[in-house]
Each structure stands twice: as structure tokens, then as C-alpha cells.
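Step one of this worksheet: look at the structure below.
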Amino acid sequence: MNKLFLLISINLISLSLYAQYVEINLVNCKINDSEQKKIEKLIAYERMFCNEIFETSNNITVPVKINLYGKYKDYKIEKTKYNAPSQTGFYIPTINEAFIMKGGDFIPVALHEASHSIFQFNYQKAPKWLNEGLAEFFETLDFDSEGNLYSYPQSNRIKSIKAGLAFKDTDRLKNFFKIYDGAFYGHGVDDNYNTAYSMIYYFVKNKSTRALKNIIKLTAKGYDTEKAIELTYGSFNAFEASYKQFYSLHP
Ligand SMILES: [Zn+2]
């Protein structure tokens, strides 16, 4: 069981210091103390992760506001107001607030949307793959029964990536990075999330956060992702070969 987990070493004592910058507005619902603490701690981890990849310490105090709804009718009012498609949660950058329907699995959704809040503070016009890929990765954070932080793999997304490789979907990555940012949420949106997640999962699990940092820096300077990868790995093909090998060996 344990080997499925992606272990991340972290100082949990310092995590609790960051709790005060998370506001959870409960609308017709309750959460228990352990849910509240878990959300705060995992968001604190998101802050630390973003501090690391953006080489800053500013993320500690980024305000995160989550509106949590117990009744769908209340959630639907906001969903309609902001024209948001999701039945489970969404984030509105202009007001820096997340809106979450409190379903059975609301914590991963809260972690996803909260990360957009933190991320936008670091990098407003980030490529969608980076923003959504990180958000998908953060969804998978949890604590095991001994209180250790881990990240479980999103098996369906990984399965889809592996299937693509098996079908010799050779230009998957190149095609993916050529899509316009606006089209990320259009045609093939689920597959776009698969690929975005697979990038972040690869960087983290392959211990290549230094490469990820460099790619982020280069895209922030205006390079497109393909070029940023090429400059980081020597060639796009070198990166692609490593990515494919990683997924072909992944259980
Ligand atoms: Zn998202």
C-alpha cells in the first residue's frame, strides 16, 4: 500500500501557523474540527509548495476564502451568477474567492480551488496546464492514519496517459502545448486535465522540481511552454523521452 504514496517531507509544526489566512464561510452547512484543521493544514502545504517553486516566502499570508454550501440551491445562485459550469466548485479570480458545494468529497475540491487563489498571487497569466496541473496535484494531498502527509496518484488520469502511450499517441505533448490557453476548457477538456496533471505529477515524482522551476521562470519571461522545456532539457524530445519512460514504467 505504502508504495502507492508519494511521500513528501514537510515540517508539520510550521503548517499550523498558516491557518489564520484561510477563511471558510459556511452557508447552511457545518464542518467538524478535524475537517477544518485538515483543510487549513493542506492549504498550508500548498503555500509551502508555491513558496518553493516560486522562490518566495510571500505565500504564507495570501488570503484564501472558501464559501462552502450545504444546499445546492444556495450554491446554484452563485454558480449562475458567475456562469460557472462546475457542479462541485469554482474559483473567481477577480474577487479571490472559491465556491464549493459540500458533497461527500468536498475537501479535494476545496484544495483544488484554494490553490488557484494562491497560484494567481504568484503568477497571474500562467499557462493553463501549469495552473490546472498543480491544482489537480494538490487535490490529492491527504494525511495517512499516522498523520503523515502524502499525495495519492490520480489513477484514472495516469491510466489514460499510459493508454495514450500504448496507442502510440506520439504527438500528445506537442499538440497539447500548442492548444491556445482559451481552448484548454473547450474540446477534450478532460484529456487536457489528464495531460496537465501528468506534467506536474511527473516533475514531482521524478524529483525534477528544479526543472519545473526553470520552466515556470522561462514562461513568466514570455517563452511558450515548448520553448521553455527545450531550453531546460536541451531539446523537447529529451524531455518527452523522459516523460514517456516515466509513464511506461509507472504501475
Ligand atoms: Zn481548476
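Laboratory data are not the source of any read-out in this text; all were calculated from the coordinates shown. This one's a predicted model, so the numbers in the text were calculated from it and none came from an experiment. Glycine gets a Cβ as well: all are built from the backbone with ideal geometry, and neighbour counts include every protein chain shown.
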Quick check: pseudo-label points 7 Å beyond the Cα along Cα→Cβ at TYR150 and ILE179, how many nm apart are they? 3.1 nm
Using modelled backbone amide H atoms (1.01 Å from N, in-plane), which distant-in-sequence or interchain residues come within less than 5 Å of GLY89's amide H? MET101
Loop trypsin sites (Lys or Arg not before Pro), the range 25-131 (other Cβ atoms within 10 Å of the site Cβ: 10 or fewer; DSSP): LYS30, LYS125
Counting only helical runs of four or more DSSP H residues, what would the 222 nm mean residue ellipticity of the chain come to if each run contributes -39,500 (n - 2.57) and the total is spread over all its residues? -17000 deg cm²/dmol
0 to 90° range, to nearest 10: angle between helix 106-122 axis and the chain longest Cα axis: 70 degrees
Through the Karplus equation 6.51 cos²θ - 1.76 cosθ + 1.60, θ set to phi - 60°, convert the phi angles of the range 70-76 into ³J(HN,Hα) values in whole Hz; use x for Gly and Pro. x, 10, 4, 4, 5, 5, 4
For helix 236-249, report the angle its Cα long axis makes with the longest principal axis of the Cα atoms of the chain; keep it between 0 and 90° and round to the nearest 10°. 70 degrees
Between the Cα axis of helix 155-166 and the main Cα principal axis of the chain, the angle (0 to 90°, nearest 10) is 10 degrees
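Just to confirm the filter: which trypsin sites (Lys or Arg not before Pro) across the range 136-206 are DSSP coil and have at most 15 other Cβ within 10 angstrom of their Cβ?
Taking the range 136-206 and a limit of 15 other Cβ atoms within 10 Å, the loop trypsin sites (Lys or Arg not before Pro) found are LYS168.
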Quick one: Karplus J couplings for the range 216-226, per residue in order, coefficients 6.51, -1.76, 1.60, θ = phi - 60°, nearest Hz, x for Gly and Pro? 4, 4, 5, 5, 5, 7, x, 6, 6, 4, 4
Across the range 183-189, in residue order, what do the Karplus-derived ³J(HN,Hα) couplings come to in whole Hz, using 6.51 cos²θ - 1.76 cosθ + 1.60 with θ = phi - 60° and x for Gly and Pro? 7, 4, 8, x, 4, x, 4
